[in-house]
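Scroll down for the structure; my scribbles are underneath it.
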Amino acid sequence: MGLEIVFSIANSTALICWLFLFVFYQKRWVYRGLFSIVFPLMAFLYLFFILRGIGGESRGGFDSLANVKLLFSVDEAVLAGWIHYLVFDLFVGMWISQDADKKGVHRWMLLPCLLLTFMLGPAGLLLYFLIRSGFNRKLIQDPYAENLVH
């Protein structure tokens with residue numbers, strides 16, 4: 001299977017997962033399916049391509065921008081990096097959706113957060129934190145603070 005086909009399948013899978021996450025974010029089966037099927041498959045796909053792309057006699061490293069560019073000069077490594085982004089952004093989207101459901105944040109307020117997380121990762125998480133802060137009338141704070149007994 002060619003790299004372009006794998007890229008298209010990974011993108012399509014991520015898009016379908018995001019649609020399910022938005023439409024069915026209050027259903028537990030969505031999270032079970034994502035955690036038990038999609039994440040393991042995408043993780044194995046990532047491992048396969050990262051080992052092919054930067055395994056063995058690869059050049060480059062993570063100590064400078066130039067070395068990172070060199071490290072990702074192999075198509076398989078770039079594909080692995082893209083799958084990495086898809087999986088982690090989806091995980092963040094799942095966390096946002098679960099948290100929004102617990103906090104009672106309306107689905108339509110959730111939509112821009114999920115879209116931004118899908119497209120721009122951290123920007124969507126930041127937007128959700130801002131909406132959540134306004135919704136709770138509290139500034140962003142320690143995530144464990146709400147679990148403390150007063």
>> Report, to one decimal in Å, the Kirkwood hydrodynamic radius for segment 47-132 based on all distinct Cα pairs.
In response: 14.5
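Can you figure out the FRET efficiency of VAL78 with ILE16, using R₀ = 30 Å and their beta-carbon distance, to the nearest 0.05?
Here the calculated transfer efficiency is 0.85.
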> Using the Cα gyration tensor of segment 1-83, with a ≥ b ≥ c the square roots of its eigenvalues, what is the shape: rounded (a/c below 1.5), prolate (a/b larger than b/c) or oblate (neither)?
Replying inline: prolate
>> Over the Cα atoms of the chain, each weighted equally, I'd like the Debye log10 I(q)/I(0) at q = 0.18, 0.21 Å⁻¹, rounded to two decimals.
In response: -1.05, -1.22
>> Over the chain, how many pairs of lysines fall under 17 Å by alpha carbon, counting only those 8 or more apart in sequence or from different chains?
In response: 4
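Using only helices, what value at 222 nm comes out for the chain when you add -39,500 (n - 2.57) per DSSP H run of length 4 or more and divide by the total residues, to the nearest 500 deg cm²/dmol? List each step's numbers first, then the result.
Values: 7 runs with 108 residues, N = 150.
After summing the helix terms and dividing by residue count, I get -23500 deg cm²/dmol.
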>> I need to check one value: relative contact order of segment 28-97, counting alpha carbon pairs closer than 8 Å and at least 6 residues apart, in percent.
In response: 33
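Averaging sequence separations of C-alpha pairs under 8 Å and six or more residues apart, then dividing by the length of segment 61-136, give the relative contact order as a whole percent. Intermediate values should be presented prior to the final figure.
Details: 44 pairs, mean separation 17.1, N = 76.
Computed over segment 61-136, the figure is 23 percent.
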>> Compute the distance from the alpha-carbon center of segment 21-59 to that of segment 63-137, in whole Å.
In response: 14
> If you plug each phi of segment 105-113 into the Karplus form 6.51 cos²θ - 1.76 cosθ + 1.60 with θ = phi - 60°, what whole-Hz ³J(HN,Hα) values come out, in order, with x for Gly and Pro?
Replying inline: 6, 5, 3, 6, 7, 6, 3, x, 5
> Mean projection of the alpha-carbon convex hull of segment 8-52 over all orientations, in nm²?
Replying inline: 3.1
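Order the following by accessible area, largest value first: PHE35, PHE62. Probe radius 1.4 Å; ligands, DNA and RNA are ignored.
Heavy-atom accessible area, descending, gives PHE62, PHE35.
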> What is the gain in length, in nm to one decimal, between ILE37 and ILE9 on full extension, counting 0.36 nm per residue of separation less the C-alpha to C-alpha distance?
Replying inline: 8.6 nm
>> Explain nothing, just the number: relative contact order of the chain, from Cα pairs under 8 Å at least 6 residues apart, as a whole percent.
In response: 22
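Can you work out the accessible area per residue across the chain, with the rest of the protein chains kept in place, probe 1.4 Å, in square angstrom?
Per-residue value: 66 Å².
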> So how much slack lies between PHE88 and SER64, counting 0.36 nm per residue of separation and subtracting their Cα-Cα distance, in nm?
Replying inline: 6.3 nm
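The values are calculated or read from the model by the stated rules, or taken from the named source; none is laboratory data. Just so you know, these numbers come straight off a predicted model, no measurement behind them. Using ideal geometry, Cβ is built from the backbone for each residue, glycine included, and neighbour counts are taken over all protein chains shown. Heads up: the accessible areas ignore ligands, DNA and RNA and are worked out on the full protein's heavy atoms, side chains in. Shrake-Rupley method; radii C 1.70, N 1.55, O 1.52, S 1.80 Å.
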